[in-house]
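Just so it is clear, none of the values below were taken in a lab; they were calculated from the coordinates. Computed from a prediction, not measured in an experiment: that's the story for all the values here. With ideal geometry, Cβ positions are generated from the backbone for all residues, glycine too; neighbour counts draw on all protein chains shown.
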Amino acid sequence: MKTVIITGANGNLGTAVTKEFLENNYKVLATVASESAKADINTHPHLEVHVVNLTQEEETNSFIKMCIEKHNTIDSALLLVGGFAAGNISTTTGSDLQKQISLNFETAYFITRPLFAHMKENKKGRIVFIGARPVLVASQGYGLLAYSLSKSLLFKLAEFLNEEAKGENIIVTVVVPSTLDTALNRKNMPDVNPDIWVKPSEIAGILEYIVSEKSGAIREPVIKVYNNA
């Protein structure tokens, strides 16, 4: 049984991803931000739920160390934690930027740093970041400046890590969704047909494919999951 870390397991995407991996017989080590969030997740014999503040490097390091000591090998990690903020350069302060970097980049970086070292020792592993289309489309990104800049760091980090691990069975992937079909997005955009959006369950299936043996020939991927949005 392979062991996977899933951060943000109680979110719209995280809930679907956790369900997908449990149904495909993975051992899931899930993180949430609070005890109340932990209580909201249904128990499962192959699921561990841990409360971790991923914006704190030492706490995150301790979590990864515990996972490795308990389970010996971490096969993959799906780093789903993130947050959104609007604003162009005239309205985005340095504080706004730092908050988005902490939420969208550092929460992934603090997990990735010790986990990448573990995977290099084992000469295998998969790490997946969730990117953002406004990083790739400037006409969408300039009005979401802090969000887009923080997400852009994940693309560069993936490039650097794939270069460092070249020739080894370690792959860092960036999955780039368009609008997710969630209750909140349906409420906020009532005039848009949600059929053009991407369902969290569809992303979940793609993530499972990415970390499975089926994707072994893929290298240095950026995977755009836009549907028709």
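Within the set of pairs 6 or more residues apart or between chains, which connect a residue that is over 30 Å from residue 30 (Cβ atoms) inside segment 81-102 to a residue that is assigned to a loop (DSSP other than H, G, I, E, B) and of a type in the set (Ser, Thr, Tyr) with Cβ atoms less than 8 Å apart?
88/142; 89/142
Residues that are of a type in the set (A, V, I, L, M), at least 3 per element: which helices (runs of 4 or more DSSP H) completely within segment 108-222 meet that?
Ranges flagged: 145-164, 200-211.
Can you tell me which residue among 171, 206 is within 14 Å of residue 127 (Cβ to Cβ), of a type outside the set (Gly, Ala, Ser), surrounded by 13 or more Cβ atoms within 10 Å (Cβ to Cβ) and under 16 Å from the mean Cα position of the chain (by Cα)?
171
Restricting attention to segment 89-104, which residues are surrounded by fewer than 20 Cβ atoms within 10 Å (Cβ to Cβ) and in a helix (DSSP H, G or I)?
Hits for segment 89-104 are 94, 95, 96, 97, 98, 99, 101, 102.
I'd like the residue in segment 91-113 that is over 16 Å from the mean Cα position of the chain (by Cα) and among the hydroxyl-bearing types (Ser, Thr, Tyr) and, out of all such residues, is farthest from residue 52 (Cα to Cα).
Out of the qualifying residues, it is 91.
List pairs: first in segment 1-20 and closer than 13 Å to residue 32 by Cβ, second basic (Lys, Arg), Cβ under 9 Å, 6+ apart or cross-chain?
10/38
Across segment 52-70, what is the number of residues that are closer than 14 Å to residue 6 by Cβ and either in contact with a Lys or Arg (Cβ under 6 Å, 6 or more places away or on another chain) or not in a loop (DSSP other than H, G, I, E, B) (or both)?
3
In the list 204, 165, which residue meets the criterion of being within 30 Å of residue 3 (Cα to Cα) and touching an Asp or Glu at 6+ places or on another chain (Cβ under 8 Å)?
One residue alone meets the criteria, 204.
Against the conditions (1) buried (at least 17 other Cβ atoms within 10 Å of the Cβ); (2) among the aliphatic types (A, V, I, L, M); (3) without any contact (Cβ under 8 Å) to a residue 60 or more places away in the chain, where does residue 66 fall short? Just the number, please.
The one condition residue 66 does not meet is (1).
Do we find a residue being surrounded by 20 or more Cβ atoms within 10 Å (Cβ to Cβ), within 19 Å of residue 128 (Cβ to Cβ), aliphatic (A, V, I, L, M) and touching a Lys or Arg at 6+ places or on another chain (Cβ under 7 Å) anywhere in segment 39-49?
The answer is no, given that none of the residues of segment 39-49 is surrounded by 20 or more Cβ atoms within 10 Å (Cβ to Cβ), within 19 Å of residue 128 (Cβ to Cβ), aliphatic (A, V, I, L, M) and touching a Lys or Arg at 6+ places or on another chain (Cβ under 7 Å).
Of everything in segment 114-158, what is surrounded by fewer than 16 Cβ atoms within 10 Å (Cβ to Cβ) and within 16 Å of the chain's Cα centre (by Cα)? Give them in sequence order.
156, the sole residue that qualifies.
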